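Remarks on the structure that follows.
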Amino acid sequence: METSSLFCGIISGDRRRSHADIADRAARIASGLAQLGVGQGDCVCILMRNDIAFIEAAYGAMRLGAYGVPVNWHFKPEEIDYILKDSGTKVLIGHADLLHQLAGLIPAGVTVLSVPTPPEILSAYRIDAHLLATPESAIALESWLAQQSPYDGPQVPQPQNMIYTSGTTGHPKGVRRNAPTAEQSQSAERMRALIYGLKPGSRALLPGPLYHSAPNAFGLRAGRLGGALVLMPRFEPEAFLDIIQAERIDTIFMVPTMFIRLMKLPDEVRRRYDMSTLRHIIHAAAPCPADVKRAMIEWWGPVIYEFYGSTESGAVTFATSEDALRKPGTVGKVSPGAELRFVGEDGRILPQGEIGEIYSRIAGNPDFTYHNKPEKRAEIDRDGFITSGDVGYMDAEGYVFLCDRKRDMVISGGVNIYPAEIEAVLHAVPGVHDCAVFGIPDAEFGEALMAVVEPQPGRVLDPMEIRTRLKASLADYKVPKHIEIQHKLPREDSGKIFKRRLRDPYWEQAGRQI
């Protein structure tokens, strides 16, 4: 099948919408939002799963110089209510079934636009039929849209969407980045072309949620390059392979959990699909076990890339497949335009090879603040460099390695222990699918190491045998005092283990946090 004969536009399930139709609908959304009082610098909250309407709503807000604010649809009503109020949103655009749970919680003065929950989402999730009607307090988006003319107002700088971070403590924080200058826009385009691999005519696939920062940036860029963007309502391994083959996909944003699930498919299933069109697979959000990365490269070829960064910093390192094979575990070298510093406990900038807290900056990025929380922005700043609390080092050849997040560091008997080092050894234990290591209260040492291990399907793991294997590779003080087997670890949509859910109960019982 020739790529030129394939559909160009945005695809979701059996629905296909051309770029011209998307541009027209986004312009009508912009016009309608303007009539509702939305202007430059205002916020428009978007409470949707992956859907074509999500992209259109974001484009419509951006056309006005407003901030689209994706809301994690997994949030409880009280958590959503917090974001609606904190952002000061004037409009909420959401899937009908998600809006029903907010009855009585919508802040006064907020207009609610209800989007029909599409068939592919209905089949991917168990949604009660009585939740599909437009809520009484909402306006049906399609009938509202039919009344709007395309927006023809002045061109204004278009900011990125304002993403709320998941937050390690307290409420999430909205990362509000300034609208870019023309020079910054050009710099950002060059960076995204390198990192995401997107170029005019790309045929992209997005299996990750649009409410996360990197998938959001990937999706919004891919939808404007004249090729195709395929949205998956949720990741299913074989359906994913089928889409790659059917739509001749060349560019994808993924997370390591997706690699792991793909590798679990039987060989005959994986061989059934043609992966030869793949050109650039970018992954981030969580560490990828080196053996999984190697297996994926052997299957798909040297088309797998990785970046490290955060919502606040952007992509500050970049690794090719060749880097991953040569330096297993690396997140790559410093990205063009980025700078890194590794800072010790005493505030001293450390030399190569020494482990410290990672601070970064990208001179070409527009600056940001935390919405309504400028003091929180100041807390992570050091001489213009910012940190997300990650700890790592740079080797003599300039390759960056992550050791852990600073907040996850365990101090046992006055010794700093980095759980990521222990987790890397645990991953190599036969029968281990995934694991999480963290500190729990200990009367003698302050903290003791706890390992929660998820076995591979059909495997039985013995904590004593695991401990014996760890002792063969780690100093005794790094071997967890407690090892627990769990068959399903809690995860965020990004694939990260929700370590806080495992750790917090122990500290709540102890009545302390450290």
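For the range 197-298, a crude dipole built from +1 on the beta carbon of Lys and Arg and -1 on the beta carbon of Asp and Glu, taken about the Cα centre, is about 300 debye to the nearest 20. In terms of the mean number of neighbouring beta-carbon atoms within 10 Å, the peptides 442-451, 124-133, 65-74, 472-481 order highest first as 65-74, 442-451, 472-481, 124-133. Modelled this way, with points 7 Å down the Cα-to-C-beta line, the labels at Lys488 and Arg234 are 1.1 nm from one another.
Between the labelled values (1) 1.08; (2) 0.96; (3) 1.00, the entry that holds Rg/Rh (Cα atoms, Kirkwood Rh) as derived from this structure is (2). Taking the centroid of alpha carbons for each part, the range 160-230 and the range 312-333 are 19 Å apart.
Taking a threshold of 23 Å on the Cα-Cα distance, which of the pairs Lys85/Lys173; Lys90/Lys496; Lys406/Lys496; Lys173/Lys499; Lys173/Lys478 fall above it? Kindly include the intermediate steps, with their values, before the conclusion.
Values: Lys85/Lys173 12 Å; Lys90/Lys496 32 Å; Lys406/Lys496 16 Å; Lys173/Lys499 19 Å; Lys173/Lys478 34 Å.
In this structure, Lys90/Lys496; Lys173/Lys478 exceed 23 Å between Cα atoms.
Centre-to-centre separation between the Cα atoms of the range 248-275 and those of the range 440-490: 30 Å. Could you pull out the GluC sites (Glu not before Pro) across the range 352-428 that fall in loop regions by DSSP (anything but H, G, I, E, B) with no more than 13 other Cβ atoms inside 10 Å? For GluC sites (Glu not before Pro) across the range 352-428 that sit outside H, G, I, E and B with at most 13 neighbouring Cβ atoms in 10 Å, the list reads Glu354, Glu397. Taking a point 7 Å from the Cα of Glu136 along the Cα-to-Cβ direction, the residues of the range 87-105 with backbone N closer than 12 Å to it are 103-104.
Restricting to Cα pairs below 8 Å that are 6+ residues apart, what does the relative contact order work out to for the range 187-405? Please round to a whole percent.
Working: 404 pairs, mean separation 31.3, N = 219.
Relative contact order, the range 187-405: 14 percent.
Each helix, a run of at least 4 DSSP H residues, gives -39500 (n - 2.57); summed and divided by the residues of the chain, these come to -9000 deg cm²/dmol at 222 nm. Each Lys and Arg adds +1 at its Cβ and each Asp and Glu adds -1 at its Cβ; summed about the Cα centre, the range 409-510 shows a dipole of about 200 debye. Annotation for Ala23 and His74: the two label points, set 7 Å from Cα along the Cα-Cβ direction, are 3.7 nm apart.
The label-point distance for Ser5 and Leu265, in a model that sets each label 7 Å from Cα toward Cβ, rounds to 2.4 nm. Taking trypsin sites (Lys or Arg not before Pro) across the range 289-397, the ones in a DSSP loop with at most 14 further Cβ atoms lying within 10 angstrom of their Cβ are Arg348.
For the chain, build the charge dipole from Cβ charges (+1 Lys, Arg; -1 Asp, Glu) around the Cα centre, then report which of Pro200, Pro289, Ile46 sits farthest towards its positive end. Checking the options against the dipole of the chain, the answer is Pro200. Here the chain is assigned +1 on the Cβ of each Lys and Arg and -1 on the Cβ of each Asp and Glu. Its dipole about the Cα centre then comes out at about 420 debye. The amide H of Leu350, built 1.01 Å from its N in the peptide plane, has Phe342, Val343, Gly344 as neighbours under 5 Å, considering only residues 5 or more places off or on other chains.
Note on Ala428 and Ala103: with the Förster distance fixed at 51 Å, the Cβ-Cβ geometry gives a FRET efficiency of about 0.55. Farthest toward the positive end of the dipole of the chain, out of Pro430, Gln147, Gln352, is the Cα of Gln147, where the dipole comes from beta carbon charges about the Cα centre. Listed values for the range 308-321 are Karplus-derived 3J(HN,Hα) couplings in whole Hz (6.51 cos²θ - 1.76 cosθ + 1.60, θ = phi - 60°), namely 10, x, 8, 4, 6, 8, x, 7, 9, 9, 8, 10, 8, 4, and x replaces Gly and Pro. Counting lysine pairs in the range 187-405 whose alpha carbons fall under 27 angstrom apart, excluding pairs fewer than 8 residues apart on the same chain, gives 6.
Below 8 Å between Cα atoms, with a sequence gap of 6+, how large is the relative contact order for the chain in percent? Present the calculation step by step, with values, prior to reporting the outcome.
Numbers: 1005 pairs, mean separation 52.1, N = 514.
RCO, the chain: 10 percent.
The HN-Hα couplings worked out from phi for the range 466-475 by the Karplus form 6.51 cos²θ - 1.76 cosθ + 1.60 (θ = phi - 60°) are 4, 4, 4, 5, 5, 4, 6, 10, 10, 4 Hz, whole numbers, x standing for Gly and Pro. A cut-off of 5 Å between modelled amide H atoms, ignoring neighbours fewer than 5 places along the same chain, links Arg491 with Phe498. Please give the Cα centre distance for the range 372-430 versus the range 62-126, rounded to the nearest Å. So the two Cα centres are separated by 34 Å. Less than 5 angstrom separates the built amide H of Leu205 from those of Val230, Thr251, Ile252, Phe253, all sequence-distant by 5 or more or on a different chain.
Compared with the alpha-carbon gap, the fully stretched path from Ile411 to Glu375 is longer by 10.2 nm at 0.36 nm per residue.
For the range 409-510, the residue among Met450, Pro490, Tyr477 whose Cα projects farthest onto the positive side of the dipole built from Cβ charges is Pro490.
Bear in mind these aren't lab numbers, they're just calculated from the coordinates by the rules spelled out. Small disclaimer: the values here were computed from a predicted structure and weren't measured. Cβ coordinates were reconstructed from backbone atoms using ideal geometry, including for glycine residues, and neighbour counts include every protein chain displayed.
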